[in-house]
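Data block below; observations after.
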Amino acid sequence: MISQNQRNENVKKILYKLTGISLVDNKDIMISNRLQKLRRNLNYHGDIDDLLASIENDKELSTQFINTFTTNKTNFFREEFHFNDLITRVLPKFASFDAPRINIYCCASSTGEEPYSIAMTIKEAEIKYINKIKTSIIASDIDTNVLKQASEGIYGFSKSGKEFPTWISPAKYFKRRVQKDAYSEEVFIKAKDELKRLITFQKINLTDERYPFEDDFFDVIFCRNVLIYFNEDDQNKILVKLFKKLKMGGTLYIGHSESPRILTKHVERIGQNIFLKIKEYI
Ligand SMILES: C[S@@+](CC[C@H](N)C(=O)[O-])C[C@H]1O[C@@H](n2cnc3c(N)ncnc32)[C@H](O)[C@@H]1O
């Protein structure tokens with residue numbers, strides 16, 4: 001019989017191997033809650049340690065395990081100052097180009113609010129000062145459930161509309177749907193095709209050896225609120241791999257409690273967690 005401690009260590013090892021996520025100590029309650037959730041999702045009534053033993057050799061099971069253990073908290077225009085920077089500093093530069101084109105990577109896109117916020121920001125710039133900018137937003141995550149949700153683009157919507165900053169009118173970019181039954185009424189919004197068309201969702205594990213993009217491809221990379229889940233060594237490896245994909249002079253946005261660590265000499269900090277690539281990392 002395996003002790004609770006051993007089981008938790010086992011979960012941490014599997015999670016690290018599959019995703020690079022390093023669970024720190026004091027996560028016992030979280031681990032046991034997530035294992036319960038995994039059981040429920042799989043409708044599994046057998047021995048949990050037997051289940052854990054088979055995860056690594058079973059593709060479907062490892063997908064379910066990953067989806068259960070990722071933390072997907074996000075919201076529209078989270079850390080709004082990054083979107084303000086995008087519309088006031090980054091996008092105006094494209095206005096003078098004959099055929100402007102922008103490539104953006106959002107590397108931990110969760111349920112999609114972040115890439116849709118990027119897409120809305122670009123649409124707003126087109127209304128304000130760029131005629132038409134050819135846009136490609138690649139949005140990736142390791143969790144297949146959130147990727148599915150993101151590509152559907154359907155979200156719960158509060159009456160106040162406080163999910164959005166004042167400079168965004170949600171009605172412009174989302175269709176409203178009301179679901180009613182005898183007892184309640186719920187409002188949903190669904191991203192319009194003009195927004196969806198700008199985004200390609202794909203599964204990418206940030207700890208993979210290589211990312212499927214050319215070097216120097218992206219003008220902007222959003223890598224926010226995901227580095228915190230990795231140990232320092234893995235954070236550095238991810239940052240270096242992402243950095244290679246960023247054009248010289250391109251912009252890297254990272255989360256509020258994250259730092260560019262290994263890249264300090266290769267970036268210039270120009271705002272709150274906003275960094276410009278100034279030197280290649282070799
Ligand atoms: C807290 S959410 C952040 C979402 C969004 N970037 C934001 O700032 O609101 C972290 C996301 O990272 C994803 N993630 C965790 N480990 C990953 C990995 N190894 N590769 C790719 N995505 C990963 C999770 O699935 C989750 O959706």
Q.
Quick test of your reading of the structure: Asp58 fulfils all but one of (1) under 22 Å from Leu147 (Cβ atoms); (2) in contact (Cβ under 8 Å) with a residue 24 or more places away in the chain; (3) away from the ligand (no atom under 15 Å from the Cβ). Name the failing condition by number.
A. (2)
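Can you pull out every residue in segment 1-28 that is open to solvent by 90 Å² or more (accessible area, probe 1.4 Å) and farther than 29 Å from Cys107 by Cβ? Working first, answer last.
Step one: of segment 1-28, the residues open to solvent by 90 Å² or more (accessible area, probe 1.4 Å) are 1, 4-6, 13, 16-17, 24-26.
Listed by number, the residues that qualify are Met1, Gln4, Asn5, Gln6.
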Q.
Quick check on my filter: what residues within segment 85-112 are away from the ligand (no atom under 12 Å from the Cβ) and either among the basic types (Lys, Arg) or under 15 Å from Ile221 (Cα atoms) (or both)?
A. Asp85, Leu86, Ile87, Arg89, Val90, Leu91, Lys93, Arg101, Ile102, Asn103, Ile104
Q | Unique match (being more than 19 Å from the chain's Cα centre (by Cα) and assigned to a loop (DSSP other than H, G, I, E, B)) among Ile270, Ile282, Ile262 | A | Ile282
Q. Which condition breaks for Glu152 when tested against (1) open to solvent by 60 Å² or more (accessible area, probe 1.4 Å); (2) under 27 Å from Glu60 (Cβ atoms); (3) within 15 Å of the ligand (Cβ to nearest atom)?
A. (3)
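Conditions tested, residue by residue: (1) assigned to a strand (DSSP E or B); (2) out of contact with any Asp or Glu (no Cβ under 8 Å at 6 or more places or on another chain).
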residue: Gln179; (1), (2): yes, no
residue: Ala182; (1), (2): no, yes
residue: Phe188; (1), (2): yes, yes
residue: Thr200; (1), (2): yes, yes
residue: Glu209; (1), (2): no, yes
residue: Glu214; (1), (2): no, yes
Q) Restricting segment 234-244 to residues that are buried (at least 17 other Cβ atoms within 10 Å of the Cβ) and of a type in the set (A, V, I, L, M, F, W, C), which is nearest to the ligand (Cβ to nearest atom)? A) Ile238
Q) Within segment 46-71, how many residues are touching a helix residue (DSSP H, G or I) at 6+ places or on another chain (Cβ under 8 Å) and exposed (fewer than 15 other Cβ atoms within 10 Å of the Cβ)? A) 4
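For the condition within 9 Å of the ligand (Cβ to nearest atom), of a type in the set (S, T, N, Q) and at pLDDT 95 or above, what is the one hit in Asn225, Asn231? Even if it seems obvious, please write down each step before you answer.
Working: Asn231 fails: within 9 Å of the ligand (Cβ to nearest atom).
Being within 9 Å of the ligand (Cβ to nearest atom), of a type in the set (S, T, N, Q) and at pLDDT 95 or above holds for just one of Asn225, Asn231, which is Asn225.
Taking the condition out of contact with any Ser or Thr (no Cβ under 7 Å at 6 or more places or on another chain) and either away from the ligand (no atom under 16 Å from the Cβ) or not acidic (Asp, Glu) (or both), does Phe201 pass? Walk me through it before giving the result.
Details: out of contact with any Ser or Thr (no Cβ under 7 Å at 6 or more places or on another chain): no; either away from the ligand (no atom under 16 Å from the Cβ) or not acidic (Asp, Glu) (or both): yes.
For Phe201, the condition - out of contact with any Ser or Thr (no Cβ under 7 Å at 6 or more places or on another chain) and either away from the ligand (no atom under 16 Å from the Cβ) or not acidic (Asp, Glu) (or both) - is not met.
The values are calculated or read from the model by the stated rules, or taken from the named source; none is laboratory data. Keep in mind the model is a prediction, meaning the values are calculated, not measured. Positions of Cβ are generated from backbone atoms using ideal geometry, with glycine treated the same way; all protein chains shown enter the neighbour counts. For accessibility, only protein heavy atoms count, side chains too; no ligands or nucleic acids. Shrake-Rupley method; radii C 1.70, N 1.55, O 1.52, S 1.80 Å.
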